[in-house]
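Participant: For reference, the structure I am asking about is given below.
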Amino acid sequence: MADPMEGRRVCGMPEKAQLHVAMLALQFGYAGFHVVSRLALNMGISKLVFPVYRNIIALCLLVPFAYFLEKKDRPQLTLNFVVQFFLLALCGITANQGFYLLGLDNTSPTFASAIQNSVPAITFAMAAALRIEKVRLDRRDGVAKVVGTLACVAGASVITLYKGPTIFGPSGSDDKAEVMAVTAGGEGEKNWTLGCVYLIGHCLSWSGWLVLQAPVLKKYPARLSVTSYTCFFGVIQFLIIAAFMERDADAWKFHSGSELFTILYAGFIASGVAFAVQIWCIDRGGPVFVAVYQPVQTLVVAIVASLTLGEKFYLGGIIGAVLIITGLYFVLWGKAEEKALLAKELMAATAEAGGVISRSAGAKASSVTQPLLLPSSTSSTENNV
């Protein structure tokens with residue numbers, strides 16, 4: 001049977017190939033965001049001003065599409081929905097991005113990207129704890145998801161608690177690090193353990209947002225509108241926090257074209273274009289297909305950060321990244337296997353129900369037609385004799 005995706009072509013390229021190209025481009029875009037964010041922090045951009053500008057740009061991109069594309073799908077906005085959007089913003093925007101920047105400031109882009117691979121496993125653990133996800137330890141898919149979750153937790157723990165010796169460091173990396181420390185204002189030595197704890201908080205917030213978003217979308221099935229409202233409340237929350245914690249008016253000004261570029265990249269590419277591409281890929285390829293490409297981002301970040309930032313690779317980080325990526329694939333395999341089993345059970349149930357209906361209909365037909373056939377059958381027999 002021909003793959004239906006092969007029939008949809010753009011510039012001669014089948015849709016399946018388009019999906020792979022789009023996912024690779026998405027991972028490069030997100031990888032660039034990790035490096036650009038690190039550069040922004042090195043230039044001294046405020047950790048509060050950066051997400052405010054980023055989310056304002058994303059909001060300006062999302063609102064027109066949400067307004068015009070979801071007019072028919074958007075339910076009436078009520079106070080209950082407003083409260084839910086506010087909480088989604090608190091978890092998915094404010095805490096998520098705040099913890100990420102704090103963690104990135106104390107660690108590196110590569111390890112920030114590596115720890116993010118644990119999000120599917122953490123999401124599964126949260127959903128299981130809230131009874132949204134069922135855990136079947138008597139089946140191999142359930143065991144795989146649990147093993148994958150434990151591997152991700154172990155990997156994150158290794159990265160946090162064990163830095164280890166330097167495995168690889170580009171030539172001149174110490175000079176680059178020294179220049180960056182001076183550029184950032186001489187903040188002194190970073191706290192690696194605290195940074196990893198912040199990044200774990202970032203992953204927990206991200207997973208919590210995914211879990212909380214699911215029931216909201218069932219009642220408010222307009223994804224772009226939900227994201228727009230979430231982004232709006234995220235901007236409000238960051239502005240309120242910044243009003244109390246960022247008193248320096250100079251922090252809100254752009255001091256160079258590089259600072260402006262980092263903010264525009266974060267807003268347009270990481271929050272705008274990447275979101276649109278990811279939604280299309282999830283719609284056409286499914287969430288598992290999208291998640292499988294996540295480790296590619298870590299590899300790209302490692303290469304780019306090594307070349308541009310002179311980043312070193314530590315034994316603990318490499319061991320932790322391997323554990324997390326292995327755990328990710330265990331969880332994804334378990335989810336795919338579970339989906340396949342559910343599909344088989346549904347097909348079997350449908351076939352059984354169809355068989356019962358068919359037998360019932362046949363019995364009814366037999367009871368109705370049999371008396372009418374008897375005379376014909378009898379006469380036929382008599383003629384043969």
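Participant: For residues in the range 119-135 being part of a loop (DSSP other than H, G, I, E, B) and either touching a residue at least 12 places away in the same chain (Cβ under 8 Å) or among the polar types (S, T, N, Q) (or both), which is surrounded by the fewest Cβ atoms within 10 Å (Cβ to Cβ)?
Facilitator: Among those that are part of a loop (DSSP other than H, G, I, E, B) and either touching a residue at least 12 places away in the same chain (Cβ under 8 Å) or among the polar types (S, T, N, Q) (or both), it is 130.
Participant: Next up: All but one of (1) modelled with pLDDT of 85 or more; (2) closer than 27 Å to residue 328 by Cβ; (3) surrounded by 14 or more Cβ atoms within 10 Å (Cβ to Cβ) hold for residue 282; state the number of the condition that does not hold.
Facilitator: (1)
Participant: In a helix (DSSP H, G or I), of a type in the set (Asp, Glu) and over 21 Å from residue 106 (Cα atoms) - does that describe any residue in the range 268-286?
Facilitator: Yes.
Participant: Identify, please: which residue in the range 70-118 is among the hydroxyl-bearing types (Ser, Thr, Tyr) and part of a helix (DSSP H, G or I) and is, among those, nearest to residue 307 (Cα to Cα)?
Facilitator: 110
Participant: Moving on to the next point. Being at pLDDT below 90 and closer than 30 Å to residue 156 by Cα is true for just one of 89, 121. Which residue is that?
Facilitator: 121
Participant: Let me ask something else. When residues of the range 91-122 are filtered for being more than 14 Å from residue 196 (Cα to Cα) and of a type in the set (Ser, Thr, Tyr), how many remain?
Facilitator: 1
Participant: Also, quick follow-up: Of the residues that make up the range 361-379, is at least one at pLDDT 85 or above and among the hydrophobic types (A, V, I, L, M, F, W, C)?
Facilitator: No, because not a single residue in the range 361-379 is at pLDDT 85 or above and among the hydrophobic types (A, V, I, L, M, F, W, C).
Here is a yes/no grid of residues against (1) under 23 Å from residue 34 (Cα atoms); (2) among the acidic types (Asp, Glu); (3) part of a helix (DSSP H, G or I); (4) modelled with pLDDT under 85:
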| site | (1), (2), (3), (4) |
| --- | --- |
| 179 | yes, no, yes, yes |
| 182 | yes, no, yes, yes |
| 188 | yes, no, no, yes |
| 206 | yes, no, yes, no |
| 217 | no, no, yes, no |
| 226 | no, no, yes, no |
| 233 | no, no, yes, no |
| 260 | yes, no, yes, no |
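Participant: Still on this structure: From 76, 84, grab the single residue that is crowded, with 19+ Cβ neighbours inside 10 Å and out of contact with any His (no Cβ under 9 Å at 6 or more places or on another chain).
Facilitator: From the options 76, 84, the qualifying one is 84.
Participant: Is there a residue being buried (at least 19 other Cβ atoms within 10 Å of the Cβ), at pLDDT 90 or above and assigned to a helix (DSSP H, G or I) anywhere in the range 1-21?
Facilitator: There is no residue in the range 1-21 that is buried (at least 19 other Cβ atoms within 10 Å of the Cβ), at pLDDT 90 or above and assigned to a helix (DSSP H, G or I).
Participant: Looking only at the range 29-52, count every residue that is more than 22 Å from the chain's Cα centre (by Cα) and closer than 22 Å to residue 232 by Cβ and tell me the total.
Facilitator: Total meeting the criteria: 4.
Participant: Please work out which one of (1) assigned to a helix (DSSP H, G or I); (2) touching a helix residue (DSSP H, G or I) at 6+ places or on another chain (Cβ under 7 Å); (3) modelled with pLDDT under 85 is the condition residue 297 fails and give its number.
Facilitator: Here residue 297 clears every test but (3).
Participant: Suppose we filter the range 285-307 for residues that are under 30 Å from residue 44 (Cα atoms) and buried (at least 16 other Cβ atoms within 10 Å of the Cβ); how many remain?
Facilitator: Residues flagged as under 30 Å from residue 44 (Cα atoms) and buried (at least 16 other Cβ atoms within 10 Å of the Cβ) within the range 285-307 amount to 12.
Participant: Residue under question is residue 94, and the condition is that it be under 21 Å from the mean Cα position of the chain (by Cα) and under 26 Å from residue 289 (Cβ atoms); does it hold?
Facilitator: no
Participant: Restricting to the range 300-336, name every residue that is hydroxyl-bearing (Ser, Thr, Tyr) and modelled with pLDDT of 85 or more.
Facilitator: Across the range 300-336, the qualifying residues are 326, 329.
Participant: Right, another one. Name the residues in the range 238-268 that are surrounded by fewer than 17 Cβ atoms within 10 Å (Cβ to Cβ), touching a residue at least 24 places away in the same chain (Cβ under 8 Å) and β-branched (Val, Ile, Thr), would you?
Facilitator: If the condition is that a residue be surrounded by fewer than 17 Cβ atoms within 10 Å (Cβ to Cβ), touching a residue at least 24 places away in the same chain (Cβ under 8 Å) and β-branched (Val, Ile, Thr), then 241 is the only one that fits.
Participant: Are any residues in the range 88-118 crowded, with 22+ Cβ neighbours inside 10 Å, of a type in the set (Phe, Trp, Tyr) and within 16 Å of residue 204 (Cβ to Cβ), and if so, which ones?
Facilitator: Within the range 88-118, just 100 meets the criteria.
Participant: How many of the residues making up the range 253-269 are in contact with a Ser or Thr (Cβ under 8 Å, 6 or more places away or on another chain) and not β-branched (Val, Ile, Thr)?
Facilitator: The qualifying residues number 1.
The values are calculated or read from the model by the stated rules, or taken from the named source; none is laboratory data. These numbers were taken from a predicted model, which means no experiment stands behind them. Quick reminder, even Gly has a Cβ in these numbers, built from the backbone with ideal geometry, and neighbours come from all protein chains shown.
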